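Here's the structure we're looking at; comments come further down.
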Amino acid sequence: MNYHSLLWNGSGQPGCANTKHNIQPADNNVMDIDALTAGFDHRDWQELTETDSPVRFAMVGVGWWTTEQAMPAVDAGDLCETTVLVSGDREKAADVAADSETVEHAITYEEFHDGAASDAYDAVYIVTPNARHLPFVETAAELDKAILCEKPMEATIERAERMVEVCDEYDATLMVAYRMHTEPAVRRAKDLIDEGYVGEPLFVHGNMTEPILELVPDPDQWRLDWELSGGCAVMDIGLYPLNTSRFLLDADPVAVRGTVASVQEEFADVPDEHGAFQLDFPGHVYAVCTASQNAHLDSHISVLGTEGKVRVEPAFYPWDDRSLQLSHEGTTVDIDFEQIDQMEEEFEYFAHCLLTDSDPYADGEHGLVDIKTIKAVYEASETESTVTLD
């Protein structure tokens with residue numbers, strides 16, 4: 001199957017052409033609520049709704065995210081299914097496979113690299129620690145498989161660049177797993193920005209914070225290991241406001257300044273228990289982002305412009321019901337939309353691209369911008385300077 005052609009809309013977000021809603025403010029500074037909500041199809045990218053040949057996934061890494069988020073999302077979808085589990089622990093993979101109606105093979109990492117069960121899957125979903133993504137991408141590309149790789153795509157710039165190179169070398173489809181690109185609240189916020197409801201964007205404010213040792217009560221977890229993670233708060237969850245800012249503005253940052261700090265003993269091996277950074281975008285647009293792995297669970301993002309503001313809160317955690325608010329010309333409205341499973345949307349979108357021979361958004365080059373930006377945050381903190389991005 002050749003998976004390469006374009007399925008974007010004019011704003012650079014995933015979808016089909018001509019998906020804007022052309023919303024206009026009503027007279028007397030009162031917004032037309034029906035115009036804001038009517039006809040909002042959360043799958044504005046979708047052309048194919050069912051298939052007799054679903055995309056078969058090999059899940060690489062069988063941790064809690066795979067078993068509690070990814071596999072249930074795939075099971076709920078119409079365009080893909082899980083057929084292979086890949087783990088460093090064969091017994092663990094076999095136990096999970098035994099509870100699945102679709103999984104046919106449970107194999108080890110070594111067997112995966114040897115090509116075991118390669119006829120039983122079309123694509124891989126890689127959800128190992130960051131610094132272990134590259135070898136699985138290399139093998140999948142060599143095996144002519146499509147690749148959905150969790151973000152951040154790797155632990156270092158050099159390894160992320162190699163990932164892009166190997167996918168180019170083998171003409172392998174690579175999508176980095178940014179859930180916000182298919183999140184209806186975020187997509188709707190982008191529509192409103194593109195339609196001019198905030199005027200000219202000026203500022204983005206984004207936050208994602210969590211008490212990681214309460215959510216994952218293991219002080220030896222890989223997120224707190226610099227070699228495996230490549231960073232902590234900024235790398236793991238600061239990525240969300242960073243990338244979503246890029247998506248909403250349809251632009252990439254040109255400069256970064258920021259500060260990171262680790263205070264508690266449990267975070268001694270990483271520099272960023274907490275982090276705050278500013279992104280300079282073209283046209284004097286600025287994003288201020290904060291992230292912490294040791295704070296109250298919270299997430300939000302807003303874009304403030306010359307004429308209004310859009311805000312998504314909660315924004316980034318898949319178990320929260322998202323909300324979208326628009327302020328324009330003295331009126332503020334809460335916009336209703338269908339709540340969806342973010343992981344189901346992500347898998348269905350990727351599978352849809354493969355089944356319709358379309359390029360997914362975002363690719364490896366897109367993910368590489370985030371890795372370079374995150375590393376610039378650490379450099380800016382260490383040097384107490386502004387770091388210019390290429």
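Largest mean-square fluctuation among S53, S245, S302, in a Gaussian network model of the chain whose springs join Cα atoms under 10 Å apart, belongs to S53.
So if each residue of separation counts as 0.36 nm, and I subtract the Cα-Cα distance between Q325 and K92, what length gain in nm does that give? Show your work: numbers first, answer last.
Working: separation 233, 0.36 × 233 = 83.88 nm, distance 4.36 nm.
Result: 79.5 nm gained on full extension.
Summarising the amide proton neighbourhood of V55: residues at separation of 5 or more, or on other chains, whose placed amide H is nearer than 5 Å comprise C80, E81. Cross-link reach is defined here as a Cα-Cα straight distance under 30 Å, omitting same-chain residues fewer than 8 places apart; for K372 the lysines meeting it are K145, K151, K190, K309.
Entry note, the chain: relative contact order of 21 percent, from Cα contacts under 8 Å with a spacing of 6+ residues. Restricting attention to the chain, close to 60% of DSSP beta bridges with both partner residues there are antiparallel.
Given a Förster radius of 45 Å and the C-beta distance between D78 and T383 as r, what FRET efficiency does 1/(1 + (r/R0)^6) yield to the nearest 0.05? Spell out each step's value before the answer.
Numbers: r = 50 Å, r/R0 = 1.11.
After rounding to 0.05, the efficiency reads 0.35.
Note on the chain: with charges restricted to the Cβ of Lys and Arg (+1) and Asp and Glu (-1), its dipole about the Cα centre is near 1000 debye.
Can you tell me the mean projection area, over all orientations, of the convex hull of the chain's alpha carbons? Units nm², please. Can you show the working numbers first?
On the way: hull surface 74.2 nm².
Across all orientations, the chain yields a mean hull projection of 18.6 nm².
Here each label is just a point 7 Å from Cα along the line to Cβ, and for A116 and Q264 those points are 3.9 nm apart. For segment 41-178, a simple Cβ point-charge model (Lys and Arg +1, Asp and Glu -1, everything else neutral) yields a dipole of about 460 debye relative to the Cα centre. For the peptides 60-70, 349-359, the ranking by packing is 349-359, 60-70, with the highest mean count of neighbouring Cβ atoms within 10 Å listed first.
No value in this document is a laboratory result; all are computed from the given coordinates. Only a predicted model underlies this, so the values are computations on that prediction, with no experimental measurement involved. Counting neighbours? That spans all protein chains shown, and the Cβs are built from the backbone with ideal geometry, glycine included.
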